[in-house]
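Read the structure below first, then the notes.
The values are calculated or read from the model by the stated rules, or taken from the named source; none is laboratory data. Quick caveat: nothing in here was measured; it's all calculated off a predicted structure. Glycine gets a Cβ as well: all are built from the backbone with ideal geometry, and neighbour counts include every protein chain shown. Side chains included, ligands, DNA and RNA excluded: accessible areas come from the protein's heavy atoms. Shrake-Rupley method; radii C 1.70, N 1.55, O 1.52, S 1.80 Å.
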Amino acid sequence: MVRNVHFKFLLVLLFVNASLFSQKFSKDFQWGTAIAEFQNSGAATLPDSNWARFQERIGLVSGKSVDHWNKYQEDIELMKEIGINSFRFSIDWSSIEPAQGMINESALQHYDNLCMALLAANITPMATLHHFVHPAWFDDLGGFERVENIQYFVRFAQTVFARFHDKIQLWCTINEPAVYAFAGHLIGIHSPGKIAVKDGFRVCGEVLKNLLIAHIEIYQVLKQMSGGDRAQIGIVHNVLKFQPRYWFEPIEASACAFLTPITNDATMNFLRTGEYLYEPFSTFCCKPLRIVYQDDRAPHSFDFIGLNYYATAVIGFNSDTIFGSAFFPGQIMGDMDLSLDPQGFATAIREVAALGKPIYITENGMADNSKKDDQRRQLLIMTSLEEVEKALQEGIDIRGYYYWTLVDNFEWHKGFDASFGLHDRERNKKPSADLYKNLIAEYSNRAF
Ligand code: BGC
């Protein structure tokens, strides 16, 4: 009860604040929401993929998820109702190229229809070319573990770009390369489910490097194609950092010093300087594993940086589980061990701003499973937009904010146990959908 009153008070305070001071959002700010095809359409609808295989191995069933593939028109209606003017989605490679070299025209037509419907609703499409999922045949070839395989992904990108460059101007090449490498190859909670035994640490570093090279290759190739000059092409990075529960706890502190360079710093340094340096054991021993790669094109191979931000992960070895599962006293926690972390978000914005490119907040969200009032999600949206506004006031070039996600969907290794949606799976709206709607209206009214 006390907690409830406290939440409500905070919400009112934040809303009044937003109404009084919002003047910095421009008229063409992208008020968005983001999804990924596999998470919203599921393995029952899409052709065989790395994730279809992996979910089966770990005993999860995505089914048709929320059947976005067939119900996209309903989803557009939900967006219109909120006042959303941009939609980030992924184009499913497995659907476009279910067998190597075989392009499925009806899948291309599907995305064509989706784009037409979005544009008719004045919603700007933002497409992601790789959101953790690729065709099973690509997986059989070794996926991104093999640098030779990058060409297949580039070819897919070319096919899609040739078809959609006149309808889609905002392109994200790869969603969270470091999370893909780390979650799939070090801790094994994502496809392909490898854990860091034997050669695992090296493979993780190679996968991350190959994804970053793939991004550059795609950027270079698409920019040369018809429509390349008008397209804005970026990469999406999750600023994921670890902090020890107790700074004086040597194991916790060492774990953080070990993890953050993998999940964050290697990618950020590469984008900033062109030097890829992966040496996970450098803080521990004298003969560290070292992968070094230099590519001077890197700092010039993105028109914007997509920032995904959820929380700072707190490591506490005295808690039940290990990764990011602990929290600091007083923190408001979501239902996926992710805290409400506006300070971390503010810091992350400034960190990516230092890359000197426009920013889109391509994902930001909170898992709040409470059925009736999703107050933690509302707090997240309000505090995040406040941080965006503060950054705009400082002159940081943020062009859009995409709430993750529109409708509760398949949350990878958590299945349907984590609810990030503004709507439930039956597409009933939650209070946070109204809140987001009011804030968009409020901020837009005062936009310059
Ligand atoms: C991923 C999403 C995921 C979200 C919440 C992000 O890292 O891009 O696919 O659903 O986190 O866990």
Please verify whether Gln151 is of a type outside the set (Val, Ile, Thr), at pLDDT 95 or above and more than 18 Å from Thr173 (Cα to Cα), treating the condition exactly as stated. no
message = Among the residues in the stretch 391-414, are any more than 26 Å from Phe304 (Cα to Cα), open to solvent by 30 Å² or more (accessible area, probe 1.4 Å) and assigned to a helix (DSSP H, G or I)?
response = yes
Within the stretch 432-448, the residues that are out of contact with any Gly (no Cβ under 6 Å at 6 or more places or on another chain) and either closer than 25 Å to Gln343 by Cβ or at pLDDT below 95 (or both) are Ser432, Leu435, Tyr436, Asn438, Leu439, Glu442, Tyr443, Ser444, Asn445, Arg446, Ala447, Phe448
Residue hits (the stretch 333-357; open to solvent by less than 10 Å² (accessible area, probe 1.4 Å), without any contact (Cβ under 8 Å) to a residue 40 or more places away in the chain and in a helix (DSSP H, G or I)) are none
Contact list, first residue from the stretch 291-312 and under 30 Å from Gly334 (Cα atoms) and open to solvent by less than 60 Å² (accessible area, probe 1.4 Å), second anywhere and away from the ligand (no atom under 16 Å from the Cβ) and not β-branched (Val, Ile, Thr), beta-carbon distance below 6 Å, six or more apart or interchain, is Phe304/Gln232; Phe304/Lys357; Phe304/Pro358; Ile305/Leu355; Ile305/Lys357; Thr312/Gln243
Selection status of Thr267, within 16 Å of the ligand (Cβ to nearest atom) and in contact (Cβ under 8 Å) with a residue 24 or more places away in the chain: yes
Checked the stretch 358-389 for anything assigned to a helix (DSSP H, G or I) and more than 16 Å from the ligand (Cβ to nearest atom); matches are Gln375, Gln378, Leu379, Met382, Thr383, Leu385, Glu386, Glu387, Val388, Glu389
Inside the stretch 137-146, the number of residues satisfying the requirement of being open to solvent by 10 Å² or more (accessible area, probe 1.4 Å) and either at pLDDT below 95 or within 23 Å of the chain's Cα centre (by Cα) (or both) is 2
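Among the residues that make up the stretch 190-207, is at least one of them aliphatic (A, V, I, L, M), touching a Ser or Thr at 6+ places or on another chain (Cβ under 9 Å) and assigned to a helix (DSSP H, G or I)?
There is no residue in the stretch 190-207 that is aliphatic (A, V, I, L, M), touching a Ser or Thr at 6+ places or on another chain (Cβ under 9 Å) and assigned to a helix (DSSP H, G or I).
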Within the stretch 211-257, residues open to solvent by less than 60 Å² (accessible area, probe 1.4 Å), closer than 26 Å to Ser282 by Cα and within 16 Å of the ligand (Cβ to nearest atom) come out as Leu211, His237, Asn238, Val239, Leu240, Phe242
Open item on the list: Among the residues of the stretch 88-97, are any out of contact with any Phe, Trp or Tyr (no Cβ under 7 Å at 6 or more places or on another chain) and among the aliphatic types (A, V, I, L, M)?
Closed with: no
If we ask which residues in the stretch 299-357 are at pLDDT 95 or above and away from the ligand (no atom under 16 Å from the Cβ), their number turns out to be 18
By residue number, the members of the stretch 415-448 that are part of a loop (DSSP other than H, G, I, E, B), among the aliphatic types (A, V, I, L, M) and crowded, with 17+ Cβ neighbours inside 10 Å are Ala418, Leu422
- Message: If I filter the stretch 415-424 for residues that are within 16 Å of the ligand (Cβ to nearest atom) and within 23 Å of Gly234 (Cβ to Cβ), do I get at least one hit?
- Response: yes
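Yes/no per residue for (1) of a type in the set (Gly, Ala, Ser); (2) open to solvent by 30 Å² or more (accessible area, probe 1.4 Å); (3) without any contact (Cβ under 8 Å) to a residue 40 or more places away in the chain:
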{"residue": "Asp48", "(1), (2), (3)": "no, yes, no"}
{"residue": "Arg53", "(1), (2), (3)": "no, yes, no"}
{"residue": "Glu81", "(1), (2), (3)": "no, yes, no"}
{"residue": "Met126", "(1), (2), (3)": "no, no, no"}
{"residue": "Leu129", "(1), (2), (3)": "no, no, no"}
{"residue": "Glu148", "(1), (2), (3)": "no, yes, yes"}
By residue number, the members of the stretch 83-109 that are crowded, with 18+ Cβ neighbours inside 10 Å and either in contact with a Gly (Cβ under 7 Å, 6 or more places away or on another chain) or among the charged types (D, E, K, R) (or both) are Ile84, Ser86, Phe87, Arg88, Asp92, Glu97
